[in-house]
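Chemist: Here's a structure for you.
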Amino acid sequence: MYQATTLDGEEISVEFKGTQIIYNGTPFQWTLEKTGKQTFLVTKDNKPFRAEILSIDYDTKEVSLKIDKSIYNISLRDKMDLLLKEMGIDNLNTAKVNDVKAPMPGLILDILVKPGDEVQKGDKLLILEAMKMENVLKSPGEGIISTIEIGKGDSVEKNQILIKF
C-alpha cells in the first residue's frame, strides 16, 4: 500500500492487487496512454484527462502533476516511510548541516551567501577555483549560515572549514 498527501492535506491510499488498483478502498478503473516524454492521456469513466508530470523529487518523494488545467503537488509514502513514521524516525531525509569543508585545495573566487542566510539543500554557497576550473559548492542540507570562515581571494586547503551553520 502507498499513501499520498496533497498540499491541501487530502490523504489518499493506493493499493495494487495484481493489475487492479484500489484507490481509497475502492477499485479504480482507468486506462493510461503515454503521449509524450512526460505527458499521458488518462481515461476514467469514459472521460479523458490530459496529465503531465511537472517535476519529481526522488529524495523527498514529492511529485507535481498537471491534470487538465489543475496542478497537484503530492507527497508519496511507501511501506517503509510509513513504518519509519510510526517509529518516530521519519525525518531522516532532512540533513542538518554543521559546516561546509573544502573538497580540494583552491582559491575562493566568490562567496554567494552571508551570515544569517537560510539555505536549502542544493543552494549555491561559493565558487572555488581548483586546477583552473571553477567549482560551485552547494549546501549539502538545510540550515542557517552562522559564520563564513574564509574571504574572497583566500587560498584554502582540502578539508578546511569554509562555512559554519
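The values are calculated or read from the model by the stated rules, or taken from the named source; none is laboratory data. What you are looking at is a predicted structure, and each value in this text was computed from that prediction instead of being measured. A quick note on method: Cβ atoms are made from the backbone with ideal geometry, for glycine too, and the neighbour counts reach across all protein chains shown.
Chemist: Within segment 18-56, count every residue that is touching a Pro at 6+ places or on another chain (Cβ under 8 Å) and surrounded by fewer than 13 Cβ atoms within 10 Å (Cβ to Cβ).
Modeler: 1
Chemist: Quick check on this structure: which one of Ser155, Ser146 is of a type in the set (S, T, N, Q) and either within 30 Å of Ile53 (Cβ to Cβ) or surrounded by 13 or more Cβ atoms within 10 Å (Cβ to Cβ) (or both)?
Modeler: Exactly one residue qualifies, and that residue is Ser146.
Chemist: A further question follows. For the structure I just gave you, tell me whether Ile67 is among the aliphatic types (A, V, I, L, M), surrounded by 12 or more Cβ atoms within 10 Å (Cβ to Cβ) and closer than 20 Å to Gln120 by Cα.
Modeler: No: the conditions fail for Ile67.
Chemist: Moving to a separate point now. Can you work out which of the residues in segment 70-84 that are of a type in the set (A, V, I, L, M) and free of Cβ contacts under 8 Å to residues at least 60 places away in the same chain is surrounded by the fewest Cβ atoms within 10 Å (Cβ to Cβ)?
Modeler: We begin by selecting, within segment 70-84, every residue of a type in the set (A, V, I, L, M); these are 71, 74, 76, 80, 82-84.
Narrowing further to those that are free of Cβ contacts under 8 Å to residues at least 60 places away in the same chain: 71, 80, 83-84.
Details: Ile71: 11, Met80: 9, Leu83: 12, Leu84: 15.
Result: Met80.
Chemist: Would you check if there is a residue in segment 141-148 being charged (D, E, K, R), modelled with pLDDT of 90 or more and either out of contact with any Ser or Thr (no Cβ under 8 Å at 6 or more places or on another chain) or at negative phi (or both)?
Modeler: No, the conditions are met nowhere in segment 141-148.
Chemist: Could you grab the pairs with beta carbons closer than 8 Å, sequence gap of 6+ or different chains, first residue in segment 28-53 and in the same structural domain as Ile12 (by TED's automatic domain parsing) and more than 18 Å from Ser64 (Cβ to Cβ), second one hydroxyl-bearing (Ser, Thr, Tyr) and outside any strand (DSSP E or B)?
Modeler: Filtered contacts from segment 28-53: Leu41/Thr35.
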